[in-house]
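The values are calculated or read from the model by the stated rules, or taken from the named source; none is laboratory data. What you see is a predicted model, and the numbers here were worked out from it, not measured in a lab. Positions of Cβ are generated from backbone atoms using ideal geometry, with glycine treated the same way; all protein chains shown enter the neighbour counts.
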């Protein structure tokens, strides 16, 4: 009979008092909750202790996320079996402990589980690990990695274990410098290379983002099609922001070829063609997107393409091509997905007016 697992939920925190009560309540089934506070000036420390957490006050200078998490990890009790790494704005879901215990064996070192990032993005996360044999790596978008003596043994659960419920006003300002450092420290890591390219786009550094996307795509280690496709989409968006529409069109076509089984590149291609008045290709790309009905559980998903945008593009391009009945069909689908949008309703009136003579 397998011994009862000792599970610790641990986190780093700074000025997160608004999340403390929710965080601790959701994690109450853990054997212990450990929070490493990195310099809060609000009442995060006091509230955390009041709600049952063991709090250590630490200082990490210069700041980097991996050093902070490694400091937190070292402060966990030595007899812990399973470490559940979270941020305070993430909430464990009911039954989380039972889900871990159902799949974790004596040999397990790492767990893959469903995580809801928010905004309709759900993917498999990998931040639950054994107490021994792991350290955090990368100054930003840090990730637990095994040491040289640890052979990873994975377990997987399809249960949604945690949900991200962030403060939308929280700044991402420190990410840029830390990602630049991450790329310098580990120049062969495609994950950081892509995150850096994407972050440049978040900060409207369009040409720099394109250059970084190209550098990522040229890496021999950059082999994951979904992420490569995402990089091409980012480069296409940057080119469009610079008004270089021919270049943007090229990027979106490349993205569609890279991961044709995903909706995202087809919708970006359709949108680009819409802006260029290329109605045949717009319609073909939008319809290709609509044929894809399986939403992958990866972080490269764009929730917008699963809403009204995709059938809306199909409807508009169908109308422009004189395919009025198809315009009504796709326009109806778009309204069902967003019934309060006045533009979609106004467009439908055009479609219906055009299709009536055909049906008479």
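Listed by position, the helices (runs of 4 or more DSSP H) enclosed by the stretch 304-360 that each have at least 2 residues that are under 21 Å from residue 119 (Cβ atoms) are 309-320, 324-337.
For the residues 34, 55, 45, 60, the requirement of being over 24 Å from the mean Cα position of the chain (by Cα), surrounded by 15 or more Cβ atoms within 10 Å (Cβ to Cβ), closer than 20 Å to residue 125 by Cβ and free of Cβ contacts under 8 Å to residues at least 60 places away in the same chain singles out 34. State whether the residues of the stretch 154-164 include one that is touching a strand residue (DSSP E or B) at 6+ places or on another chain (Cβ under 7 Å), surrounded by 21 or more Cβ atoms within 10 Å (Cβ to Cβ) and either in a strand (DSSP E or B) or at pLDDT below 95 (or both). Scanning the stretch 154-164 turns up at least one residue that is touching a strand residue (DSSP E or B) at 6+ places or on another chain (Cβ under 7 Å), surrounded by 21 or more Cβ atoms within 10 Å (Cβ to Cβ) and either in a strand (DSSP E or B) or at pLDDT below 95 (or both). Every condition in (1) touching a strand residue (DSSP E or B) at 6+ places or on another chain (Cβ under 7 Å); (2) within 21 Å of residue 136 (Cβ to Cβ); (3) assigned to a helix (DSSP H, G or I) holds for residue 67 except the one numbered (1). Just wondering, is there one or more residues in the stretch 170-186 that are closer than 21 Å to residue 33 by Cα and in contact with a helix residue (DSSP H, G or I) (Cβ under 8 Å, 6 or more places away or on another chain)? No, there is no match, as no residue in the stretch 170-186 is closer than 21 Å to residue 33 by Cα and in contact with a helix residue (DSSP H, G or I) (Cβ under 8 Å, 6 or more places away or on another chain).
Summed over the stretch 89-144, residues that are surrounded by fewer than 18 Cβ atoms within 10 Å (Cβ to Cβ) and part of a helix (DSSP H, G or I) total 4.
All told, residue 279 falls short of being free of Cβ contacts under 8 Å to residues at least 60 places away in the same chain and crowded, with 24+ Cβ neighbours inside 10 Å. Contact map, the stretch 98-126: residues that are more than 22 Å from residue 165 (Cα to Cα) paired with residues that are part of a strand (DSSP E or B), Cβ distance under 6 Å, separation 6+ or inter-chain. Pairs shown: 103/155; 103/157; 104/155; 108/155; 109/130; 110/129; 110/154.
Candidates are the residues of the stretch 5-17 that are touching a helix residue (DSSP H, G or I) at 6+ places or on another chain (Cβ under 9 Å) and in contact (Cβ under 8 Å) with a residue 40 or more places away in the chain; the one that is farthest from residue 103 (Cα to Cα) is 16.
Scanning the stretch 70-80 for residues that are over 23 Å from residue 140 (Cα atoms) and buried (at least 18 other Cβ atoms within 10 Å of the Cβ) gives a single hit, 80. Residue 293 satisfies every condition listed in (1) within 30 Å of residue 126 (Cβ to Cβ); (2) surrounded by fewer than 19 Cβ atoms within 10 Å (Cβ to Cβ); (3) touching a helix residue (DSSP H, G or I) at 6+ places or on another chain (Cβ under 7 Å) except (3).
Against the test of being surrounded by fewer than 17 Cβ atoms within 10 Å (Cβ to Cβ), in contact (Cβ under 8 Å) with a residue 12 or more places away in the chain, touching a helix residue (DSSP H, G or I) at 6+ places or on another chain (Cβ under 9 Å) and within 29 Å of residue 290 (Cβ to Cβ), the options 266, 224, 251 yield a single qualifying residue, 224.
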